[in-house]
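Q: Could you have a look at this structure, given as structure tokens, before my questions?
The values are calculated or read from the model by the stated rules, or taken from the named source; none is laboratory data. Quantities reported herein were computed from a predicted structural model and do not represent experimental measurements. Every residue, glycine as well, gets a Cβ built from its backbone with ideal geometry; the counts of neighbours run over all protein chains shown. Areas reflect the complete protein model, heavy atoms only, side chains present, ligands, DNA and RNA absent. Shrake-Rupley method; radii C 1.70, N 1.55, O 1.52, S 1.80 Å.
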Amino acid sequence: NAKGVKEEIGFVFNMLQRSRLTKNTLIVTDLTGSMYPYYSQVLVWQALKLSQGKNFKHAFFNDGNQKNIQAKVIGETGGVYLCASSNIVRIYNTMQKTMSNGNGGDTPENNMEAVLKGINQYKNIDNIIMVADNFAFPRDKKLIHKIQRPIQYVMCGTQLGISRSYISLSRHYGGSIISVEKSICYLDQFKDGDELTIEKVKYSINKGKMVKLN
């Protein structure tokens, strides 16, 4: 509902505050249409970090710059904008450019392409934070094996629970989930029969898959 969405928007800043940071952090942000309500929180958090003398690399993506769905090739979809600056206005302008040039157009998105472009541009990246849309699973998940670094997924739009697709990515590739309630790490260490609770939803691991219990 609208109240739930409004409340969660305010939590995005706090979720980012709980993310693990290093000097060479790449922040990858989904700026397709469904993510517009959250981008101001990302910008405020970035301004705070800059005021503390911290400067990170950015990859913003819009899934193709208005490209037709049929033309979206995995790894070459486009609509990725990079920025490494200590100037908040430049970061803001890059975000605005990303949003004005495209808004997604379909549900799957080019998350991993954006990560790879950031890694290739900024050579010493050792930590990745992805501000992700809970309802839009990466169309290019098969590229994740090229990243070779764990990803912290800051999940937006979780009123109905965390997407099992992102939980699965974290489990199989050593990442973590940062939700409104808590940070969930070491998901790759859970085994068959183990149970865990995420955002009040209980899951069990069954033959490597997440099964909802309630």
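Q: All but one of (1) surrounded by 17 or more Cβ atoms within 10 Å (Cβ to Cβ); (2) farther than 23 Å from residue 12 by Cβ; (3) in contact with a strand residue (DSSP E or B) (Cβ under 7 Å, 6 or more places away or on another chain) hold for residue 105; which doesn't?
A: Residue 105 satisfies every listed condition except (3).
Q: Working only within the range 59-98, note down all residues that are in a helix (DSSP H, G or I) and under 13 Å from residue 117 (Cβ atoms). Don't jump to the end; show me each part of the working.
A: Applying the first criterion (in a helix (DSSP H, G or I)) to the range 59-98 yields 69-71, 88-98.
Within the range 59-98, 98 is the sole residue that qualifies.
Table: residues versus (1) open to solvent by 20 Å² or more (accessible area, probe 1.4 Å); (2) more than 22 Å from residue 64 (Cα to Cα).
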{"residue": "121", "(1), (2)": "yes, no"}
{"residue": "126", "(1), (2)": "yes, yes"}
{"residue": "137", "(1), (2)": "yes, no"}
{"residue": "149", "(1), (2)": "yes, yes"}
{"residue": "155", "(1), (2)": "no, no"}
{"residue": "161", "(1), (2)": "no, yes"}
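Q: For residue 88, all conditions in the list (1) crowded, with 21+ Cβ neighbours inside 10 Å; (2) more than 15 Å from the chain's Cα centre (by Cα) hold save one; what is the number of the exception?
A: (1)
Q: Between 165, 170, which is without any contact (Cβ under 8 Å) to a residue 60 or more places away in the chain, open to solvent by less than 20 Å² (accessible area, probe 1.4 Å), assigned to a helix (DSSP H, G or I) and hydroxyl-bearing (Ser, Thr, Tyr)?
A: Working: 165 fails: open to solvent by less than 20 Å² (accessible area, probe 1.4 Å).
Criteria check complete, one pass: 170.
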